[in-house]
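The values are calculated or read from the model by the stated rules, or taken from the named source; none is laboratory data. Note that this is a predicted model, so its numbers are computed, not measured. We place every Cβ from the backbone using ideal geometry, glycine too, and count neighbours over all the protein chains shown. Side chains included, ligands, DNA and RNA excluded: accessible areas come from the protein's heavy atoms. Shrake-Rupley method; radii C 1.70, N 1.55, O 1.52, S 1.80 Å.
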Amino acid sequence: MNIASHKEQLGEIVRFGIIGVTATILQYGVYLVLLRWLHPTIANTVGYIVSFLFNYVASTRYTFRVKSTARRGAGFAFAHLINYTLQTLLLSLFLWLGLSKPIAMLPVFAICVPINFLLVRFFLKRGESNSPPKVRNSKPETRNSEPET
């Protein structure tokens, strides 16, 4: 890998961190507010949906800087379906283990955020070449069958 490629990957990780922290705070905030009236799983589901909508737009435009397409949208949704399922299972586990409702989401985020980065990156960047674009010869080809005099 060349330096430019490492720099781009580092940039993606930093941008993912900014967007990811914002999306996580958004999800957690909605979760905490809704906990007053709803079961934790339902509160998390609503928070996840709000966060998902923000996250898709921010991830395509800012984090990974790719064009939003139906294929990428489907991949992003699939990655988040996996992540949501994992979050739901872990939330249930941590509640069952006795963590309080507000605290139970914190270890869920610690486990799921890195996994989600890898899944989202895979689905949004899939099919893109990691090699630099080929440079064409800028000189036009000439066919000279006779030498100039």
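Taking 0.36 nm per residue of separation and subtracting the Cα-Cα distance, full extension of the segment from PHE78 to PHE54 would add 7.0 nm. Accessible surface for the stretch 1-69, divided over its residues, is 59 Å² per residue with a 1.4 Å probe. Taking label points 7 Å from Cα along the Cα-to-Cβ direction, ARG71 and SER5 give a separation of 2.1 nm. Our estimate of slack between ILE115 and SER100, defined as 0.36 nm per intervening residue step minus the Cα-Cα distance, is 3.0 nm.
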